[in-house]
């Protein structure tokens, strides 16, 4: 995989998002490399314990879009929402399985917005899906997936409120 090439495409996608809309929702966007995967992540600082390093905080929630050699071989772009070690999230009393179940009960109404999505995972992966990889449309696909998350991120906040 040409890492720099894909980092540039993902960064251009991030730059194309409406940053005023993102900031008004208290969301952040990051592009980077993790375990040989190029990613774009959307998250809130309040969804992590360590707000100085929210991308690596032990307890955190984030939406991620990524490609790597395996996904490219399958001609797919993957995306998901991860909820890591929520029992340690400061200010909440969360049991991960209960959180995942409640989130998914809200998500079902919006599931049709996400292509090839599934919620058949343990509590760490709230949902995961994929879209067909077409190099000519990669940037557009990343933008569209991020915009879809911008329409549904409130489900995380709604779920968190139940555990305050």
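Residue 33 versus (1) out of contact with any helix residue (DSSP H, G or I) (no Cβ under 7 Å at 6 or more places or on another chain); (2) outside any helix (DSSP H, G or I); (3) more than 21 Å from residue 147 (Cβ to Cβ): which is the lone unmet condition?
(1)
How do the pairs read when you match residues in segment 123-149 that are free of Cβ contacts under 8 Å to residues at least 40 places away in the same chain with residues anywhere that are in a helix (DSSP H, G or I) and surrounded by fewer than 17 Cβ atoms within 10 Å (Cβ to Cβ), using Cβ under 8 Å and keeping only pairs 6 or more apart or on different chains?
Pairs found: 148/113.
I need a count of the residues in segment 56-73 that are part of a loop (DSSP other than H, G, I, E, B) and surrounded by 12 or more Cβ atoms within 10 Å (Cβ to Cβ). First the steps, then the outcome.
Step one: list which residues in segment 56-73 are part of a loop (DSSP other than H, G, I, E, B), which gives 56-59, 68.
Those left that are additionally surrounded by 12 or more Cβ atoms within 10 Å (Cβ to Cβ): 57-59, 68.
Counting residues in segment 56-73 that are part of a loop (DSSP other than H, G, I, E, B) and surrounded by 12 or more Cβ atoms within 10 Å (Cβ to Cβ) gives 4.
Looking at the structure I just gave you, is residue 110 surrounded by fewer than 19 Cβ atoms within 10 Å (Cβ to Cβ) and within 15 Å of residue 63 (Cβ to Cβ)? If you could, list the steps in order and put the result at the bottom.
Details: surrounded by fewer than 19 Cβ atoms within 10 Å (Cβ to Cβ): yes; within 15 Å of residue 63 (Cβ to Cβ): yes.
So residue 110 fits the description; yes.
Name the single residue that is nearest to the chain's Cα centre (by Cα) among those in segment 117-147 being surrounded by fewer than 17 Cβ atoms within 10 Å (Cβ to Cβ) and assigned to a helix (DSSP H, G or I).
This residue is 147.
Tally up the residues in segment 1-16 that are in contact with a helix residue (DSSP H, G or I) (Cβ under 6 Å, 6 or more places away or on another chain) and assigned to a loop (DSSP other than H, G, I, E, B), please.
1
Which of the residues that make up segment 36-55 are farther than 26 Å from residue 76 by Cβ and not in a helix (DSSP H, G or I)?
If the condition is that a residue be farther than 26 Å from residue 76 by Cβ and not in a helix (DSSP H, G or I), then 44, 48, 49, 50, 51, 52, 53, 54 are the ones that fit.
Please specify each residue of segment 75-86 satisfying the condition of being outside any strand (DSSP E or B) and either under 15 Å from residue 43 (Cβ atoms) or free of Cβ contacts under 8 Å to residues at least 24 places away in the same chain (or both). First the steps, then the outcome.
Just the residues of segment 75-86 that are outside any strand (DSSP E or B), to begin with: 75, 85-86.
Residues satisfying the conditions are 85, 86.
Of all residues in segment 130-164, count the ones that are touching a strand residue (DSSP E or B) at 6+ places or on another chain (Cβ under 7 Å) and either modelled with pLDDT under 95 or farther than 23 Å from residue 8 by Cα (or both).
So the answer is 2.
The values are calculated or read from the model by the stated rules, or taken from the named source; none is laboratory data. Since this is a predicted model, take the numbers as computed values, not measurements. Here the Cβ is made from the backbone with ideal geometry for all residues, glycine too, and neighbour counts use every protein chain on show.
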